[in-house]
1. Output the number of the condition that Gly80 fails; it satisfies all remaining conditions of (1) under 26 Å from Pro299 (Cα atoms); (2) in the same structural domain as Gly206 (by TED's automatic domain parsing).
2. For Thr382, are the conditions met, namely being in contact (Cβ under 8 Å) with a residue 24 or more places away in the chain, assigned to a helix (DSSP H, G or I) and among the β-branched types (Val, Ile, Thr)?
3. Which residue, of Lys389, Lys448, is more than 30 Å from Gly266 (Cβ to Cβ), of a type outside the set (Gly, Ala, Ser), surrounded by fewer than 15 Cβ atoms within 10 Å (Cβ to Cβ) and in the same structural domain as Leu326 (by TED's automatic domain parsing)?
4. Could you list, in sequence order, the residues of the stretch 134-160 that are more than 27 Å from the chain's Cα centre (by Cα) and of a type outside the set (A, V, I, L, M)?
5. Looking at the stretch 32-49, can you tell me whether even one residue there is among the hydroxyl-bearing types (Ser, Thr, Tyr) and part of a helix (DSSP H, G or I)?
6. Being in contact with a His (Cβ under 8 Å, 6 or more places away or on another chain), among the small types (Gly, Ala, Ser) and within 19 Å of Gly212 (Cβ to Cβ) narrows it down to one residue among Ala116, Ala78, Ala102; which is it?
7. Restricting attention to the stretch 368-383, and to residues there that are over 23 Å from the mean Cα position of the chain (by Cα) and among the aliphatic types (A, V, I, L, M), which single residue is surrounded by the fewest Cβ atoms within 10 Å (Cβ to Cβ)?
8. Within the stretch 65-79, take every residue that is surrounded by 13 or more Cβ atoms within 10 Å (Cβ to Cβ) and assigned to a helix (DSSP H, G or I) and give me the one that is nearest to the chain's Cα centre (by Cα).
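The values are calculated or read from the model by the stated rules, or taken from the named source; none is laboratory data. Everything numeric here is computed off the predicted structure, so don't read it as measured data. Backbone-built Cβ (ideal geometry, glycine too); neighbour counts: all protein chains shown.
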Amino acid sequence: MIKKYEKPVMLKIETGMMNKFGSSPYYTRKVRTEIDGVKIDDLVNEHGSPLFVFSESTLRQRYKQLYNVFSTRYPNIAFGWSYKTNYLPAICNILHQEGAIAEVVSEMEYDKARLAGIPGDKIIFNGPYKSISALEKAVSEGALVNIDHFDEIYDLEKVAKNLDRKIKVGMRLNMDTGIYPQWTRFGFNLESGQAMDAVKRIVNGGKLILNGLHCHVGTFILDPNAYALEVEKMTGLMYDLESKFNIKLEYLDIGGGFPSKSKLKGTYQSPDTLIPSIDEYAEAISTALYRNLKGGHMPQVYLETGRGIIDEAGFLITSIVTSKRLPDGRKAYVADAGINLLYTAFWYKYTIETDRELQGTNEPSMINGPLCMNIDVIEEGTLLPPMEKGVRLILSPVGAYNVTQWMQFIEYRPAVVLIGPNKTVDLIREREDLSDIIRREKVPERLKIKA
């Protein structure tokens, strides 16, 4: 057997607790040979690489955990599954089977929810853009529509006029809860008085009935007290509206933003240390509700759960296709999955597991994807042992946002499978081929290449 020669490189690795690469120069990464009892080899042999894999049992367990934590503290609560987080029909249907209604932010997502069999009155319709046709459809089907801006008030008044009836609407707020930068581009600002101006406009218009308030303070919120302050301000406005306009609101939608166990780039602490438990969020929210609601008043409360439920249920299997040595001495590996499939790689350091035991000393390495772009980096700095072509990496958690934000760019998008009860493996999205790419493309007759 002829061994490939590689010129040796000497690199100084500072070990210790504050070393960004880790504390040991020896291989300490975990090996994963299966997911939910199904072998990685069998998954790749059947469906190819790269491959997204979702665990149905993890998804159902996580939903039950979150729902129980909140509902045992405040019983009048409902979860709205955040479609933008992952809107594969099989995934959505699991959450709907568990009891979640749908939360959507576009007409496309609304149509997907209706196609899945979710009735309009079980859909929360958010987002900064809702066309007149989308609003007409949603209102006529009884959806809960949260107004995002003044133009949407005018649009909904047109819809009410066309339907010849008053319609119930909610209103989205943005506010200072100590989370910076604030998400001020969505909804009406509370502190500036903009939200109250919007309420006056709704009341004076006479065509809309305000029956709820919505707020989503951000994403990957690490401070449970931000939700407590949000609830305090929303309930304060609710009773202010009741006093000034005799408006009796039916619900408070406090959004989502709960973090998963993803590791944020630039942090040294592990997610288990850095990220509060879901009990801390539930305790902060429920305590704020009981502290600020008037005696006996228990409005419907919605949570728009997404990442916090599904992220840990998702894995991506990718294969090493080559490696090279960079001028700065680092080892660079190329995998068959990149930022075309892992949009969240810009923010998170994934857990990286290998499908086999690897020998050799760790060294500073980076993992690139297959795209012909310099920004296609899955991991820019970590300690890895030598890896040959064909070694498979299992990246997690990747269940949130990647399948909805992936790009059809340069490479075909891969298959997605769901591991269900008794180790069943269901294909829930087929691997793309050229027909998927060109089926909507048109070439004028004058531009066709003649044989």
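1. (2)
2. In short, no.
3. Lys389
4. Passing the criteria: Glu136, Ser140, Phe150, Asp151, Tyr154, Asp155, Glu157, Lys158.
5. No.
6. Just a single option satisfies the conditions, and that option is Ala102.
7. Of everything passing the filter in the stretch 368-383, Met373 is surrounded by the fewest Cβ atoms within 10 Å (Cβ to Cβ).
8. Per the stated criteria, the residue is Leu66.
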